[in-house]
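My structure is below; once you've seen it, I'll send some questions.
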């Protein structure tokens, strides 16, 4: 295995294990930022040792043991109350003495501990924007760049939010907890946002060579199901779960055998998971029964339900989808939602009115580097027979796309537009 292969392996293992490491150390130390720092030290140790010693047979267990040794060293260096020092250090030493049990636990699900960490990061003492950024970066393992893409903000802005939030969390001594009652309601909206963004990154990855990151989608779904048990009468918890279930039902049809993306209208609907669709529709019905028909996640789930219930692409109720997007824009002022509404209008009414909507969005600061703006514009121009303009739009979109699969797809569409221009 070459040094480059080992480095790729370290990055892959790290993305999988980081939440488990932070969860385990946070539970013991009751200090989330410190736990995150110590897991970073374990990563640096792997980068230092594995290129020469080789990748361990159980890389997750190696990282966990290293992180816990760092934690024990920190406790020994730090002046703490004697009782806390002795209690936590004893627990750590006992776990290190029973590594076979620790290795076995690494194969188990994270359980509710990750959700407890997300609730901790979503404390009202932090701003709403900082809560989500902190949870996504520290606990869920998303990069600053991926988070910035989710919020359509510069990387530096997100980095500053995370640094300030970590400082606040560390200095305040906030409890590591799952709140109840009023405290839960106060944090729930931010927790739902974090889970929503985790799923979105898994569903369409911002960076890398793979268009899908199934592990993130599955983890978001797991947390969403746990949230239902914690807040069973909150319509938006059911709405978010419905949205994720319905979107995830299409996973098998979204890429071909080589991992290349397949767009919605071209997907083989026989591959859609009907059991997952039924679960999603049931969650949507429950959200509506609880009075949440006009909620942010419920409206989005209703849009995806229109696709899920259409047996063919031609049978899709595009006028209804456009109306649901209009309801979303009344609820939340978002240029991304308006762009999605333009797509639906284009399908329902034709490309000309949709293109007019897209052109009005061209000067939105939040969409300045948003590749899907040019992608949608290119698709509408292509349908209008303006093939040269479509080629330029697709090329611009490819230049902005961070995901390699998506970039290649957009380049192919640009080439198709160029061919169409040459033959017209």
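The values are calculated or read from the model by the stated rules, or taken from the named source; none is laboratory data. Remember, it's a predicted structure, so these values are computed and weren't measured experimentally. Cβ coordinates were reconstructed from backbone atoms using ideal geometry, including for glycine residues, and neighbour counts include every protein chain displayed.
Would you mind listing the helices (runs of 4 or more DSSP H) fully within region 284-390 where at least 2 residues are surrounded by fewer than 16 Cβ atoms within 10 Å (Cβ to Cβ) and free of Cβ contacts under 8 Å to residues at least 60 places away in the same chain?
Result: 318-331, 351-361.
Here's something else I'd like to know. What about residue 329, is it touching a helix residue (DSSP H, G or I) at 6+ places or on another chain (Cβ under 6 Å) and more than 23 Å from residue 413 (Cα to Cα)?
yes
Related question: So which residues in region 44-61 are part of a helix (DSSP H, G or I), more than 16 Å from residue 5 (Cα to Cα) and touching a helix residue (DSSP H, G or I) at 6+ places or on another chain (Cβ under 7 Å), if there are any at all?
Passing the criteria: 45, 60, 61.
Any idea which of 219, 201 is surrounded by 16 or more Cβ atoms within 10 Å (Cβ to Cβ), farther than 25 Å from residue 409 by Cα and not assigned by TED's automatic domain parsing to the domain that holds residue 379?
219
Of all the helices (runs of 4 or more DSSP H) wholly in region 169-275, which have at least 3 residues that are farther than 26 Å from residue 404 by Cβ and at pLDDT 95 or above?
Counting at least 3 such residues, we get 235-248.
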